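A quick write-up on the structure given underneath.
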Amino acid sequence: MTRRLLTGNAAAAWGARLAGVDYVPAFPITPQTEIIETLARWFDGGEMRGRLTMLESEHSMVTAAAAAAATGVRVFTATSSQGLLYAMEMIHAVPGWRVPFVLANVSRGLATPITLEPDHNDVLAARDSGFLQIHCASCQEVHDSVLIAYRLAEDARVRLPVIVNLDGFYLSFTREPVEVADPAAARAFLPPFTGRGIEFRASRPVSQAAAVLGGSQYSYFRYETHLAALQALPAYAEIAAAFAEAFGRHHPAVEAYRSDDAEFVFVMIGSFATKARDAVDRLREAGARVGLVRPRLLRPFPAADLRRHLLGKRGIAVIDQNLSFGKGGVLHAELASVLYGEPGAPLLASFIGGLGGRDFAPEEFYEMIDVTRRAADSGRAPEPRLLYTAGELREMRKLQAIAAVERHEDGAGKP
Amino acid sequence: MNEHVIHRVRDLPSAHLLGAGTAMCAGCGGLGALHQVYDVLGEKTVFVNAAGCMTLLANYPFTPFKGSWLYTAMASAPAGAQGVRDALDVLLAQGRLPPAEDLAPVVLTGDGSAYGMGLSATSAAIERGLDFLYLCYDNEGYGNTGQQSSGATPHAARTATSAGGRGHPGFKKDLFAIWAAHAPAYVATVIGAEPLDLARKVETAIGLKGPRLILALAPCPTGWDFEPAALVDVGRLAVNTGIFPLKEYRDGRITHTRIPRPRLPVEAYLSTQGRFAHLFSPRRDDAAIAAIQAQVDRYWQGVA
Ligand SMILES: Cc1ncc(C[n+]2csc(CCOP(=O)(O)OP(=O)(O)O)c2C)c(N)n1
Ligand code: SF4
Ligand SMILES: [Mg+2]
C-alpha cells in the first residue's frame, strides 16, 4: 500500500486501474475529464491492458459500455452533469441488460443556469434507473468505492451497473492523502472478470434486451431488476466487510458519526457532509447532543440501517444538495418514506443547500439544529427551508442592478 | 483471387437461415432483404438493432435469428457495435477468446435511425474505422410509428405527417453519398427484388474490413400502400425507372452495378403506390411527375 496525494478524479482512475479494467468508452466533460485523460495515459503507457475508445456522445458511451460488458469484459466509464443526462435513455435501459460495469459520476449542477460546480440533481436524475449508487465523501472513499462497486456489480445476486458518485471540485480537484491499494491485494479482493455466462460467443448465441408482449412479462423483468437491487443490500454488507478485512477501512452502507447518543442528527450525502461533521464536533463541544448520519448507498436505499440509526431521535435535519422543483429535497422525501409510521420516528426538518457548490457557513448548521429542536418541541415539522443569507441576497441585488443598467444602456444605444 | 462464390441465381442459398413467423407485415421488403442478407452473412453474427419495425423480430422468448441479437436504442446502435467489437478485440488480443468464437457485429436499423437520429453515432463509428457491417432497410419513413416523414422520405410521397395534396415537401437525403464522403471500406445499395446483385454485394462486404454499409430499399406495403403480392414488382420498378440506382463504393470509386436500359418512366413506379396516388387522381399532376422525372434524368446523365 502506498500513500499518495491524489485528487478525487485521480483516485477514481486508480480504482479503475487496480480493478484491472479492460475497456473504457469515454467522452470529456468538466469536472470529470481528468479521469479519462489519466486512464488514456495509462493505456498508452502500457500500465493498463485493454482499450480506451473515444465516443462521440455520452449516449453512445453508455451504449458502448453496456455492450462491451454484455460481451464479457470489465468496463469502466465516467461522466458528469449534462453528460449523464445526455445518456439518460441508456442509463435507464442498460440495467435491464443485467450486465455489470462501473460509472463514475462527478456531480455538477445542471443547466439552467450553467455552472461547473456541484450539486446532486444530476445523479439523482438516475435514481430510478436500476443503476446502484454509492456516494463518496473523500478521495480515499472514491478509490475504495470503485473496487467495492465492481464486486457489487458483478455479484451473481446483483448483476447491475453501479454509479460511484464524487462531487465536482470539492473532491474531483482536491488533493487528499489516499492509500492506493497494492495491486496484488486489489486482485485478491477483486479477481479478474470472467463473464460467468455474460457474453456474446459464436457457439452460444444469445438475444439481449429483447421486446416483450404485454405488461405481465414486462412487470416480471422490472420486478427482477428491483429484487436484484434489493439483493445488493446484503451483498454490499458482505463486500464492505471483506474490504475492511483486506484493507483496514470500513465503508458501511450508512456511516454514523457521533449519532448513537444524539438527540438531533444531520442527514446528508456526499463531500459536503464533512462540513456537517465539523459542525457536529463544534456543537458537541458546546454541549449539544448532535450527530451525523450519511448514507453512502443511495440505491439500494439502506432503509433498515437508516431506521436503526434514526428511530428514537428527537429530530433530523435533512440537508438536500438538490431540489425537486415544486416539491423540495429528494433525500427528505426518501427518508420520510422509510421512517413514517415507525415507532419512535423522529421529526424531520428539510433544508435545501449547497446548490451549484454554494458553501455552508458553520452558523448555518447551528441554525438548522435550532430550527429542528424548536420544531421537535412544538411537534410540527417546519416548511422546507432554502438556505440563502441576507448577505447573498444583497450581492444578488447588486448584480441585478448592474444587469438592469447594462440592459438600459444597450437599449438606449440602439435605434 | 475471385472473392465471389455467388455468380448465378442458382448459387444463392436455397433455404433461409432466418426463421419464419415473425411479427412483420405480409410482403415486408425490409424482412425480405434481411432474409437474403442473413443467408450470406451467417450466424456468427450479433445483430445490433435500433428502434424500428425489426425490433419486434426478437420478442421474448422467440427470435428468428440463429445467431445473437442486441437491442440498443434508436440513436446508438453503431455505438453498441463499437462496444461489442472493442470487447471482442480485447478478449482476442489477450487470448481470452478462441478465434473460432469471434463474431461479426451487424448494425440493423431503419432509415429513421440511419438517416437521422443515429447519424452522429454512425459518422463517428466510420471515422473510428470500426470493423462492422451496417444494414439499413430503408422504407422511407418512420414505419413502426405509422409511417411519418423521415430524412429518407422521397419528394411528394404522402406520409402520416405529410398527408396534404402535395405530399412530402422535402427531398430524400443521399445517405450513400454521406457514407462515401467518410471514405469507408464499402457502401452498396441493394434491393430484395434483385437477389443476385444483393448477395454479391453482401459477399463483397464480408470480404472487407472496416465500416461497410448495405443500404436496402425496402418497399413497405403498409407504409407505401400497395398489395403485398406486388413487392417484387415495386422493387424491380424502383430499379428499372432509375429511381433507386444499384451501385457500390469502394476504394474511392463508385460503380453502378445495374444501368437500367431502357429506363422506364418514373410514373411506372409512382403509380404502383397509394402514397403517390395524388399525383394521378383526381387530376394528373403533370408538373410534379415531370419534376421527379427530371431529377432522375439528371442523376443518370451524371453517371454516363
Ligand atoms: C428515442 C426514441 N424516440 C422515438 C422512438 C419511437 N420510435 C420507435 S420506432 C420509430 C421509427 C423508426 O424509424 P426507422 O428507423 O425508419 O425504422 P422503421 O420503423 O421504419 O422500421 C420511432 C420514431 C424511440 N423508440 N426512441
Ligand atoms: S410497416 Fe413496412 S417495414 Fe414495417 S414491418 Fe410492415 S411492411 Fe415491413
Ligand atoms: Mg423506416
Taking only the alpha-carbon positions of region B:93-155 as identical scatterers, the Debye log10 I(q)/I(0) at q = 0.15, 0.17, 0.29, 0.30 Å⁻¹ comes out as -0.58, -0.67, -1.18, -1.21
Phi-derived 3J(HN,Hα) across region A:31-44 with the Karplus relation (6.51, -1.76, 1.60, θ = phi - 60°), rounded Hz, x for Gly and Pro, is x, 8, 3, 4, 5, 6, 5, 5, 5, 4, 4, 6, 5, 4
Under 11 Å, Cβ to Cβ, from A:Ala16 - net charge with Lys/Arg +1 and Asp/Glu -1 | +1
With contacts defined as alpha carbon pairs under 8 Å and 6 or more residues apart, what's the relative contact order of chain B in percent?
-> 17 percent
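In debye, nearest 20: dipole of region A:2-247 around its Cα centre with unit charges on the Cβ of K, R (+) and D, E (-)?
Values: 19 positive and 24 negative charges, 147 e Å.
Using only the charged Cβ atoms, the result is roughly 700 debye.
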Say the dipole of the protein assembly as shown comes from +1 at the beta carbon of Lys and Arg and -1 at that of Asp and Glu; which of B:Gly95, A:Thr30, B:Leu231 then lies farthest toward its positive end?
-> B:Leu231
Signed unit charges on C-beta, dipole axis of chain B, positive-most listed residue B:Thr63, B:Gln82, B:Tyr186 = B:Tyr186
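Peptides A:130-140, A:370-380, B:200-210: what's the order by average Cβ count within 10 Å, highest mean first? Provide the component values of the computation, followed by the final result.
Values: A:130-140: 24.5, A:370-380: 15.0, B:200-210: 18.5.
Ranking the peptides A:130-140, A:370-380, B:200-210 by packing returns A:130-140, B:200-210, A:370-380.
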In whole Hz, the Karplus estimates of ³J(HN,Hα) for region A:349-355 (6.51, -1.76, 1.60; θ = phi - 60°; x where Gly or Pro) are 10, 10, 10, 9, x, x, 5
Where the centroid of each part is defined by its Cα atoms, how far is region A:155-192 from region A:308-333 in Å?
-> 27 Å
Once both axes come from the Cα atoms, what is the angle between helix A:215-247 and the longest principal axis of chain A, in degrees from 0 to 90, rounded to 10?
-> 80 degrees
For A:87-95, mean number of other protein chain Cβ atoms within 10 Å | 2
To the nearest 10 degrees, the tilt of helix B:195-206 (Cα long axis) against the first principal axis of the alpha carbons of chain B is 40 degrees
What residues have an amide H closer than 5 Å to that of A:Leu347, excluding those fewer than 5 places away on the same chain, when H is modeled at 1.01 Å from N in the peptide plane?
-> A:Gly315, A:Ile316
Between the Cα axis of helix B:231-240 and the main Cα principal axis of chain B, the angle (0 to 90°, nearest 10) is 80 degrees
Separation of alpha-carbon centers, region A:199-218 and region A:51-78, rounded to whole Å = 20 Å
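Which value, in debye to the nearest 20, describes the size of the charge dipole of region A:168-325 about its Cα centre when Lys and Arg Cβ atoms bear +1, Asp and Glu Cβ atoms bear -1, and nothing else is charged?
On the way: 20 positive and 16 negative charges, 58 e Å.
Dipole about the Cα centre, nearest 20: 280 debye.
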Excluding same-chain residues fewer than 8 positions from A:Lys313, which lysines have a Cα within less than 30 Å of its Cα?
-> A:Lys275, A:Lys327
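Treating only the Cβ of Lys, Arg, Asp and Glu as charged (+1, +1, -1, -1), what charge dipole size does the protein assembly as shown show about its Cα centre? Round to the nearest 20 debye. It would help to have the intermediate numbers written out before the result.
Working: 70 positive and 73 negative charges, 177 e Å.
Charge dipole, the protein assembly as shown, about its Cα centre: 860 debye, nearest 20.
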GNM on chain A, Cα springs under 10 Å; top mean-square fluctuation among A:Glu176, A:Glu238, A:Glu392 goes to A:Glu392
Could you work out how far the C-alpha centroid of region B:256-304 sits from that of region B:8-57, in angstrom?
-> 29 Å
Along the charge dipole of region B:253-304, which of B:Gly302, B:Ile254, B:Ala291 sits closest to the positive end, that is, farthest toward it, with unit charges on the beta carbon of Lys, Arg, Asp and Glu (+1, +1, -1, -1)?
-> B:Ile254
Read phi for every residue in region B:98-106 and hand back ³J(HN,Hα) as whole Hz from Karplus 6.51 cos²θ - 1.76 cosθ + 1.60, θ = phi - 60°, with x for Gly and Pro.
-> x, x, 5, 8, 5, 9, 9, x, 10
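Taken together, the values in this text are just the output of simple stated rules run on the coordinates, not laboratory data. Since this is a predicted model, take the numbers as computed values, not measurements. Because the Cβ atoms are built from the backbone with ideal geometry, glycine has one as well, and the counts that use them run over all protein chains shown.
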